[in-house]
Amino acid sequence: MAMAGVAAIARTQEERTEAAKQRLREAALQLFGSDGYDATTLSAISLKAGFSRTLAQYHYPEKSALALELLEERISRDNHLDLLDCPDDATAEEAWGCLVRHLAAVASYYGRLHGSCDLGVAVRGEMALHSAALMGSDASITAKVHALTVDLIARIERLFEICRKGGLIPDASDSHALAILHVHSIWGLAQALFANPKGIRPVTAAFAQIGVLLDALRVPAAASGSV
């Protein structure tokens, strides 16, 4: 019983720690989205979360450690990498379906960029982190976003290559170049809409145009069977 009691206390402490860190992460995203990454301090995050000025630093010695944890959450939750997985023997249509479904899921995520719900706040905070990485203001988050970009491009390149070999897009297509264009079209549009708010409906419409451009890649014989 004594050992069971100690284990229960340990679990309770772990749960409290995780709950506190979750509140800090949520507060950080709110402040990153409203004030920017560089202007936000760990002290401000602590106070925003309803804690003492020093609690955030207890859990995250550097702001970049908190930022990296948030980026990991974003990678696993909102980049929908699972939608880009398909077997090596997948048909061109199956690979194309992965591309289309992935774009739809990512567009839905960014469609909340300027919404008033909690998810909209979180999306803006994550976009502020992405912007800081692109500006090179923090080497650790810049490296993380670079690694994410390389991985995402490689996954999408593989799907384009399956489509090319299957005759769904022109044989002369450069799968790597198409993947770079596709990824940066998504993230570039998201960055532009983050910096210049347009509302939920225009954001959704803008991302739909990436789908139009994607569909235009299909060879005429395959276009009539578009997913």
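See the values below:
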item	result
Paramagnetic reach from residue 15 (point 7 Å along Cα→Cβ, amide N under 20 Å) across the range 44-61	none
Highest-first arrangement of 160-166, 60-66, where packing means the average Cβ count within 10 Å	160-166, 60-66
Rounded to 10°, Cα long-axis angle of helix 200-215 versus longest principal axis of the chain	40 degrees
Which label in [x] 20.2; [y] 19.5; [z] 18.2 gives the computed Kirkwood radius over Cα pairs in Å	[y]
Residue-wise HN-Hα coupling along the range 85-91, computed from phi with Karplus coefficients 6.51, -1.76, 1.60 (Hz; x: Gly, Pro)	7, 8, x, 4, 9, 5, 6
Mean Cβ neighbour count within 10 Å, used as a protection proxy, ranking 81-90, 41-50 highest first	41-50, 81-90
Inter-probe distance in nm under a simple model that places probes 7 Å from Cα toward Cβ, at residue 149 and residue 180	1.1 nm
Degrees separating the helix 2-35 axis from the principal Cα axis of the chain, which is the longest one	60 degrees
Student exercise, the chain dipole from Lys, Arg, Asp, Glu Cβ charges, in Debye to nearest 20	760 debye
Count of lysine pairs in the chain with Cα separation under 24 Å (8 or more residues apart, or interchain)	5
Computed FRET value (nearest 0.05) for residue 209 with residue 165, which takes r as the C-beta separation and R₀ as 45 Å	0.95
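Here, each number is a calculation from the coordinates, and none is a lab measurement. Just so you know, these numbers come straight off a predicted model, no measurement behind them. Every residue, glycine among them, receives a Cβ derived from its backbone with ideal geometry; neighbour counts consider all protein chains shown.
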